[in-house]
There are 2 protein chains.
Amino acid sequence: MAERIGRQTLRLTEDVHVGAYAAAGGKKEGEGPLGGGFDLISEDAWFGQDSWEKAETAMLRGCLGACLAKWDVPTRRPELLLGGDLLNQCISSAYAVRECAEPYLGLYGACSTMAEGLMLAALLVDGGGFASACALTGSHFCTAERQYRFPLEYGGQRTPTAQWTVTGAGAAVLEKGGGTLRVTHVTPGRIVDAGVTDACNMGAAMAPAAFDTITAHFRDTGRDFGDYDAVFTGDLGAIGHDILQDLLQKDGRSPGLRYMDCGVLLYDLKTQDVHAGGSGCGCSAAVLCAHILPAMERGVWRRVLFAGTGALMSPLSVQQGCSIPGICHAVAIERED
Amino acid sequence: MAERIGRQTLRLTEDVHVGAYAAAGGKKEGEGPLGGGFDLISEDAWFGQDSWEKAETAMLRGCLGACLAKWDVPTRRPELLLGGDLLNQCISSAYAVRECAEPYLGLYGACSTMAEGLMLAALLVDGGGFASACALTGSHFCTAERQYRFPLEYGGQRTPTAQWTVTGAGAAVLEKGGGTLRVTHVTPGRIVDAGVTDACNMGAAMAPAAFDTITAHFRDTGRDFGDYDAVFTGDLGAIGHDILQDLLQKDGRSPGLRYMDCGVLLYDLKTQDVHAGGSGCGCSAAVLCAHILPAMERGVWRRVLFAGTGALMSPLSVQQGCSIPGICHAVAIERED
C-alpha cells in the first residue's frame, strides 16, 4: 500500500514491475532516430482502415496486442485496462479495447495520459487489489490536425513553435513482482496555468507545469537531477525544453544532459520537418516503450524519471480566449538486478 | 488495501467514508422533484458567465466550493482531485480546478464519470496513500446540445427516445474514517457494445453494460437486489430503465421497486418535457449528491449500489457508422451507525 512522502509524492511499498510493453508508430516515426525500437510500424497513415479515426483505433489495438504478446505468458491478460487519447470523447482508446473482457477506466490527461495511466496502474497494483494493470494511449497526426487545427487538405502553414502530433502509441503492463524494471514513486501533478494563449506554442504552456511537478518530486523525495540517470518530459518540444531548462537553472538546478524531452528525441528535428518537435499522447507513450524502457533493460540507465506533460485545452476554449492550463505527472522507474 | 473478490470486484479493507458532498443545478433541475436537495441552483443557464462552456465551468467550481465548505473543517482541502466532463478535451472540469493547489487526475467515463471518480477515490484512499480525495463532475444542457447534436438556435426536433442533458454537477469527498456513509465495494465495468447505432437512444446502448456490471457485482459479492435497499443506474432514462428491467427479469432476478434510474428521478417526466429523462455526467452526480446520499444520511436507505452508466461514443464515431459502446461502474455505499 503506497506511502505518502512529502506533499505530493507516493512511494510504492510493494514490488510493482513493468511486465511487458510495446510501441506502435506511423511511417514518419519509423524513419526517425527511434524507429528501430517500435514493435509495429504502419507503411502509411491508414493502418488498413478507411478513416483516420479508425486508423488510430487500429494502431492502439495493435499496440495493446503486441504488448500482451510479449508478456511472460502470451495468453495472459491484465486485470485492468487504463486508456485515453486526444480525440473528442476519447473514442480511439475506447473503441480499441471494446472487445476486451477486462474492466476499463477512461482517462483524460491530454498528452500526459501515459504518465497518468502508468501512475494509476502502479497505485492500483500496489494497493488497489489488482495483480496487474495495463496503461494504453496514442495519437494520430491526421486526426489531431483536423480536430485541433485545420483539415490536412487546406495545406495550412505551421508556425515555427508548432509541434507535430505523433502518429504513435504505447502500452505497458505493470504487475506485482517478476520483472527488471520497478516503479518506485509517483508524483501526480497539479494544474499550472502560466497564461499562454497561443495554441501553436504548447511547449511554453506546459513547461511551467513540468517545472512544478519535477521540483515537487525532488522536494518530496530529497532527490535531484544527480540522483537520476535520465529525466524525460513528455512533449515540450525544443522550445518548451529550453524554457524548462531556464526555469530549472533559475531555481539553482543543473539538469545538464540528463534532462531530455520525448518530443525532441522522436524525430530528427533538422531533417523531418516537424518544427519544434513531437507532441500528442503518442509522443511520450511511444518514446517510453520504444526507447526508454528498452534502454533501461539494456542497462543504459538505471534510474529514470518519466514526466508526462499535457495541455488541458480545447480548440473551443482557445477561441473563447482562455489561457492554456498545463499539467505534468511523474513516474520514477528503477532497474533492479 | 483493497481486496479483490471474484473476477471484477474490490472490497475496501480500510474505513473509507463520504466526508462531504454537494450538488449544483440549473433552473429546470431546481424545479424538478429533487430540487430541494441541491446546494446551489442558478436562476438561468449562465451561472453569471458569458459563454455556456464558462457557465459549466463556473457551476463545477461552485459545486466543489459548496462541497468543501460542508466538510468538517471548511478550510480543509482534499489531497487529490478527480474530475471529468462531456466537453471535448474535458475542459469544464479542468478549468474548474485550475486554481486549486492539489494534484488533479482527469477522467473520461462519459456519463459514468461520477462512479468512475468515486471508485478511484475510494481505491486511492483505501490503499493508494491518500487520506482524502474528491470526485467532481457535471454537464450542461446548452454545451452538450451544440456539441453533440445541434446548436439550440436551430430549434431541432427531439425523438421520444432522446434524453435531456442535465445542467448539474456533483462533488463528493472520500476520506479515511470519520463519517456515517462508508464505501465498501467497487466494481469497475468493462465495455459492452450491443450494436446500437442510434445516438438518440442512449438508454438502449447503455442498458446492456449496466446489466453486465450489476450482475458481475452480485456474482462477485454473493449479493442480489434483496441485499440492497436501493440500486441506482446513472442515466438510462425511462427506455433504458425498462430494457434493463427486462434483461434482469430474463436472468431470473427481481429488481422490483428497489431498482431506480437517476435519469428518471431527476425530472418530472410528465410535465418537464425531457422525453425519456435526464442524462449527462451531471445526472447521476447530482442525483447522488442531492438525493441518494442525503436520504442515506436520514436513514431512508442503509445500503445502496450506485451504478453510473456511460456511452463511449462521439458525434464523429456515430457519423462514421460505429455502434455505441456502453460502460457502467458500480460503487456500494453503506450507512454505519
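The values are calculated or read from the model by the stated rules, or taken from the named source; none is laboratory data. In this text, all values refer to a predicted model and were calculated from it rather than measured experimentally. Every residue, glycine among them, receives a Cβ derived from its backbone with ideal geometry; neighbour counts consider all protein chains shown.
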### Message
Any residue that is crowded, with 17+ Cβ neighbours inside 10 Å, over 13 Å from the mean Cα position of the chain (by Cα) and within 13 Å of chain B (Cβ to nearest Cβ) - is there at least one of those in segment A:290-313?
### Response
yes
### Message
Looking at the structure I just gave you, is residue A:284 in a helix (DSSP H, G or I) and among the polar types (S, T, N, Q)?
### Response
yes
### Message
Against the condition under 30 Å from residue B:298 (Cα atoms), surrounded by fewer than 17 Cβ atoms within 10 Å (Cβ to Cβ) and free of Cβ contacts under 8 Å to residues at least 24 places away in the same chain, how does residue B:177 come out, does it pass?
### Response
no
### Summary
When segment A:310-337 is checked residue by residue, the ones that are farther than 20 Å from residue B:56 by Cα and part of a loop (DSSP other than H, G, I, E, B) are A:336, A:337
### Task
Determine if segment B:148-168 includes at least one residue that is farther than 16 Å from residue B:116 by Cβ, within 15 Å of the chain's Cα centre (by Cα), of a type in the set (A, V, I, L, M) and surrounded by 20 or more Cβ atoms within 10 Å (Cβ to Cβ).
yes
### Query
Does at least one position in segment B:138-147 carry a residue that is of a type in the set (D, E, K, R), under 25 Å from residue A:128 (Cα atoms) and within 12 Å of another protein chain (Cβ to nearest Cβ)?
no
### Message
Of all residues being at pLDDT 95 or above and among the acidic types (Asp, Glu) in segment B:59-94, which is farthest from the chain's Cα centre (by Cα)? Just the residue, please.
### Response
B:79
### Query
If a residue has to be more than 8 Å from chain A (Cβ to nearest Cβ) and either of a type in the set (A, V, I, L, M) or within 19 Å of residue A:111 (Cα to Cα) (or both) to count, how many in segment B:93-118 make the cut?
5
### Query
In the set B:53, B:102, B:31, which member is among the acidic types (Asp, Glu) and crowded, with 21+ Cβ neighbours inside 10 Å?
B:53
### Message
Just the residues that are more than 9 Å from chain B (Cβ to nearest Cβ), in a helix (DSSP H, G or I) and farther than 21 Å from residue B:8 by Cβ, please, taken from segment A:58-91.
### Response
A:58, A:59, A:60, A:61, A:62, A:63, A:65, A:66, A:67, A:69
### Query
Quick check: anything in segment A:299-312 touching a helix residue (DSSP H, G or I) at 6+ places or on another chain (Cβ under 6 Å) and among the basic types (Lys, Arg)?
no
### Message
Would you confirm whether or not segment A:156-167 contains a residue that is more than 9 Å from chain B (Cβ to nearest Cβ) and among the charged types (D, E, K, R)?
### Response
yes
#### Entry: Filter pass, residue A:38 being under 18 Å from the mean Cα position of the chain (by Cα) and buried (at least 20 other Cβ atoms within 10 Å of the Cβ)
yes
### Summary
Those residues of segment A:119-136 which are more than 9 Å from chain B (Cβ to nearest Cβ) and either touching an Asp or Glu at 6+ places or on another chain (Cβ under 6 Å) or more than 21 Å from residue B:316 (Cβ to Cβ) (or both) amount to A:121, A:122, A:125, A:132, A:133, A:134, A:135
### Message
I'd like to verify a number: residues in segment B:93-111 that are over 22 Å from residue A:137 (Cα atoms) and not β-branched (Val, Ile, Thr), how many?
### Response
7
### Summary
Only unsatisfied item for residue A:120, checking (1) crowded, with 24+ Cβ neighbours inside 10 Å; (2) in contact (Cβ under 8 Å) with a residue 40 or more places away in the chain, is (2)
### Identity of the residue in segment B:202-247, in contact (Cβ under 8 Å) with a residue 60 or more places away in the chain and of a type in the set (S, T, N, Q), that ends up surrounded by the most Cβ atoms within 10 Å (Cβ to Cβ)
B:233
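Here's the yes/no breakdown for (1) in the same structural domain as residue B:72 (by TED's automatic domain parsing); (2) in a strand (DSSP E or B); (3) more than 16 Å from residue B:164 (Cα to Cα); (4) in contact with a helix residue (DSSP H, G or I) (Cβ under 9 Å, 6 or more places away or on another chain):
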{"residue": "B:10", "(1), (2), (3), (4)": "yes, yes, yes, yes"}
{"residue": "B:20", "(1), (2), (3), (4)": "yes, yes, yes, yes"}
{"residue": "B:29", "(1), (2), (3), (4)": "yes, no, no, yes"}
{"residue": "B:53", "(1), (2), (3), (4)": "yes, no, yes, yes"}
### Task
Could you grab the pairs with beta carbons closer than 8 Å, sequence gap of 6+ or different chains, first residue in segment A:136-155 and in the same structural domain as residue A:51 (by TED's automatic domain parsing), second one of a type in the set (Phe, Trp, Tyr) and modelled with pLDDT of 95 or more?
A:140/A:52; A:141/A:164; A:142/A:52; A:143/A:52; A:146/A:52
